[in-house]
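The values are calculated or read from the model by the stated rules, or taken from the named source; none is laboratory data. This structure is a prediction, so every number in the text was calculated from the model and none was measured. Cβ placement follows ideal geometry from the backbone for every residue including glycine, while neighbour counts extend to all protein chains displayed.
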Amino acid sequence: MAKRRGFPFFLYYLYQSVAAANTVQPFRLRIEGEDVFLYDTVDAGSTIARDDGTFGFGYFKYSEDIEQFMAEGLREVARVRATTGLERRNLQGMIRYSPVPWLDFTSLSHPRRFSAGDSCPWITFGKMTEIAGRRSMPMSVHVHHALVDGADIGAYVDEFQRRMNME
């Protein structure tokens, strides 16, 4: 689908992932101070590789309109690749992504400081592989279990898979 529509695969699966997450209410919950807050929508924050081997952080505002998301996403990727250093934004209303397209992993964890109060989900996608005509891509989902449980992760994964299977 991404090739057929001329979308970069990274932005395509990022869009489908954040769109799926927006359909599962617990993925929009955040702990802010002593309160739990429900966002109407959540956006995506992702590492972006640069040609010099470094990376930066890109921020992608969710839109139900995939064409708008792609246009803004392409601008954001170009902006990050044209910069140096790390621009960090402390935004609760997003999902943090770490693509590692060089690695076909079976397990992955992120270092986290839970004392920092970050309740955003972290989702990592790995290398796309094809075996016997079937494509797969590893995914790791880290959540704050006071907000998101296994059934919620299952609902998110099912919705993401449904979206990736759309023709």
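Some notes on this structure:
- When every residue of region 68-76 is checked against the conditions, none turns out to be under 26 Å from Ala151 (Cα atoms) and aliphatic (A, V, I, L, M).
- Criterion (basic (Lys, Arg) and touching a Pro at 6+ places or on another chain (Cβ under 9 Å)) met by exactly one of Arg75, Arg96, Arg81: Arg96
- Complete set of residues in region 64-75 that are free of Cβ contacts under 8 Å to residues at least 60 places away in the same chain and either within 14 Å of the chain's Cα centre (by Cα) or within 19 Å of Thr124 (Cβ to Cβ) (or both): Phe69
- Scanning region 85-104 for residues that are more than 15 Å from the chain's Cα centre (by Cα) and at pLDDT below 90 yields a total of 6.
- Residue under evaluation Ala146, criteria (1) within 22 Å of Tyr15 (Cα to Cα); (2) modelled with pLDDT of 90 or more; (3) over 12 Å from the mean Cα position of the chain (by Cα), criterion not met: (1)
- Only a single item in (1) within 16 Å of Ala21 (Cα to Cα); (2) among the basic types (Lys, Arg); (3) in contact with a helix residue (DSSP H, G or I) (Cβ under 9 Å, 6 or more places away or on another chain) is not met by Arg96, and it is number (3).
- Among residues of region 4-47 being surrounded by 20 or more Cβ atoms within 10 Å (Cβ to Cβ) and touching a Gly at 6+ places or on another chain (Cβ under 6 Å), the one that is farthest from His142 (Cα to Cα) is Leu11.
- Long-range neighbours under 6 Å by Cβ, at least six apart or interchain, first residue part of a loop (DSSP other than H, G, I, E, B) within region 24-47, second of a type in the set (Gly, Ala, Ser): Val24/Ala155; Tyr39/Gly93; Val42/Gly93
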